[in-house]
Amino acid sequence: VQEKLDLLKQNTHHTVNSLLDTQALELAAKVDVKIANGETIGLLEGIPFGIKDVYMVQGTYTTASSDLLKNYKSAYTATAIQKLLDAGAIPLVKENCDSFGHGSSSENTIFGAVKNAINPDLVGGGSSGGSAVNVAKGYTVFSIGGDTGGSVRQPAGYNNIYGLKPTYGRISRFGLMAYASSTDCVGPLAKSIEDIRIVLNVMSGKDIKDQTTYASAEIKDESISNSEGIKTIGYFKNFIESDAIDAQVKSDFLVSIEKIKAKGIEVKALDFFEANTLVSTYYTLAMAETASNLSRLDGTNYGERIESGNLKETYSVTRSENFSEESKRRIVGGNQVLSQGFSDEIYLKGLALRDQISENFENDFKEVDIILSPVTPSTPPKIGDSLKDPHAMYLSDAYTVGFSLGQLPTLTVPQGTATGLQISAAKNNDELVLKFANFLK
Ligand code: GLN
């Protein structure tokens with residue numbers, strides 16, 4: 001714990017604060033005493049972990065890497081985090097990310113861009129960039145990110161580690177700052193499938209404080225270490241044939257497909273929605289939801305208040321000065337698609353498309369057990385480049401957002417292409433995803 005805290009202090013670009021210092025050392029000392037007394041300890045007891053700075057942890061700052069909440073202290077602890085604390089895991093840091101989860105590079109933050117763990121000239125990915133880099137560098141054993149449209153899977157891929165977006169509702173969102181509530185998922189990042197499995201089991205389960213949660217059975221080690229139930233996999237033809245895919249990512253993916261065939265698995269090429277449709281549907285809905293979710297941040301109950309003349313002006317100045325350009329773009333866009341005259345044409349159309357996307361997945365999973373995809377069409381950009389073109393940044397999410405809209409369990413594994421492979425299964429079948437990851441190893 002001490003060693004990791006020291007490393008975190010020297011590498012602050014992926015850390016928001018290490019407020020948890022003294023507490024962490026005290027907790028670690030207690031575990032040492034238990035071990036010295038010959039007591040048996042739990043699987044997660046004494047294991048240091050990191051937390052994306054969008055989770056409430058009572059008494060710590062939860063800034064969402066934003067000016068708006070830079071002095072906000074959590075009054076309570078998120079359910080998922082509380083379960084880890086109860087299991088004896090030791091929280092070390094709140095981690096740098098794109099502000100409010102808005103971004104794909106972890107550059108949209110007041111704490112400075114997160115640097116990629118493999119090549120520090122490149123972005124760490126986002127929005128859970130700090131969490132991915134901390135795990136990849138070994139500063140935390142696992143970290144808890146948040147994935148709305150790819151924010152766990154893409155940085156995991158950019159930093160060569162595992163990152164899971166579980167089925168929507170498997171883990172409680174209570175205490176996770178809301179970005180787009182209908183796709184927000186709590187997701188672990190780690191260096192092994194085993195660690196992902198353990199952490200997922202601890203955090204899963206029904207929570208009365210999040211009515212979208214459901215009860216799920218524990219995923220046992222034995223049940224993911226065989227290949228039962230994996231007969232047919234599919235991939236989206238149009239993802240791989242697109243002009244936007246990097247040539248190397250494409251050829252690596254096709255080599256992975258051949259290797260899978262050689263293991264006796266049937267592979268089907270499937271039809272799917274175009275990247276443009278997926279990205280527009282996701283961003284329409286995500287912007288609409290974030291516009292509503294962030295409306296409470298007006299400097300009255302929450303946020304750095306900037307007094308200015310009357311109340312209305314105070315709201316306006318508080319929000320204009322404290323939200324990032326990217327967050328403002330989304331709030332304005334979200335309010336526009338929700339407003340009279342636009343909502344039928346844009347927002348309702350987005351909802352209808354989302355239903356079609358979900359239906360498409362349901363039909364696919366009648367034919368295949370797993371859908372495999374590259375995590376991203378291209379490799380991580382240089383720090384500074386992606387902020388210049390927001391539209392290009394949105395398009396870089398083309399392969400992750402569909403699985404979010406479908407609320408499917410999807411795991412990034414650090415193999416197959418430069419930014420990894422995404423393994424997806426039908427809703428609630430997180431077990432099969434982990435099993436297939438084991439099978440691919
Ligand atoms: N990059 C996507 C977005 O900006 C996904 C972010 C996320 O999952 N939080 O919306």
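Coordinate-derived values only; no laboratory data. Keep in mind the model is a prediction, meaning the values are calculated, not measured. For neighbour counting, all protein chains shown are included, and Cβ atoms are generated from backbone atoms with ideal geometry for every residue, glycine included.
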Taking a ≥ b ≥ c as the square roots of the Cα gyration tensor eigenvalues, with a/c under 1.5 meaning rounded and otherwise prolate when a/b beats b/c or oblate if not, segment 2-223 comes out rounded
Please give me, ordered by residue number, the GluC sites (Glu not before Pro) of segment 122-231 that lie in loop per DSSP and have at most 15 other Cβ atoms within 10 Å.
E218, E228
Among V54, V123, V202, which one moves the most in a GNM of the chain with springs linking Cα atoms closer than 10 Å?
V202
From DSSP H assignment alone, runs of 4+ in the chain each adding -39500 (n - 2.57), the sum over residues rounded to the nearest 500 puts [θ] at 222 nm at -11500 deg cm²/dmol
Footprinting exposure proxy for L387, L411, L348 (fewest neighbouring C-beta atoms within 10 Å first):
L348, L387, L411
Relative contact order for the chain using alpha-carbon pairs under 8 Å, separation at least 6, rounded to a whole percent?
18
Does the chain come out rounded, prolate or oblate by the C-alpha gyration tensor, with a ≥ b ≥ c the root eigenvalues, rounded set by a/c under 1.5 and, if not, prolate when a/b is larger than b/c and oblate if not?
oblate
How large is ³J(HN,Hα), in whole Hz, for each residue of segment 430-441 in order, when computed from phi with the Karplus curve 6.51 cos²θ - 1.76 cosθ + 1.60 and θ = phi - 60°, using x for Gly and Pro?
4, 4, 5, 4, 5, 5, 5, 4, 4, 5, 6, 4
Mind listing the long-range amide H neighbours of Y76? Cut-off is under 5 Å, sequence gap 5 or more, other chains count too, H placed in the peptide plane at 1.01 Å from N.
Q58, G59
Relative contact order for segment 55-214: what percent, with Cα pairs under 8 Å and sequence separation of 6 or more?
20
For segment 50-58, in order, what is each residue's ³J(HN,Hα) by Karplus, 6.51 cos²θ - 1.76 cosθ + 1.60 with θ = phi - 60°, in whole Hz (x at glycine and Pro)?
x, 9, 3, 7, 10, 9, 6, 9, 3
What are the residues whose amide H is under 5 Å from the amide H of C185, where those residues sit 5 or more places off or on another chain and H is modelled from the backbone?
D147, T148
Cα centroid separation - segment 404-441 against segment 198-258, whole Å:
2
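Hey, fewest Cβ within 10 Å first, where do C185, C97 land in order?
Numbers: C185 25, C97 35.
In order of increasing Cβ crowding within 10 Å: C185, C97.
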Take the alpha-carbon centre of segment 279-333, take the same for segment 165-196, and report the distance between them in whole Å.
24
Please state the shape class of segment 113-271: rounded when a/c is under 1.5, otherwise prolate if a/b exceeds b/c and oblate if not, all from the C-alpha gyration tensor.
oblate
Would you kindly derive the ³J(HN,Hα) couplings of segment 119-132 from the backbone phi angles with the Karplus curve 6.51 cos²θ - 1.76 cosθ + 1.60 (θ = phi - 60°), listing them in order in whole Hz, with x for Gly and Pro?
9, x, 7, 9, 6, x, x, x, 8, 8, x, x, 5, 5
May I ask you to sort L254, L164 by Cβ crowding, counting other Cβ atoms within 10 Å and putting the fewest first?
L254, L164
Within the chain, percent of DSSP bridges classed antiparallel, to nearest 5:
65
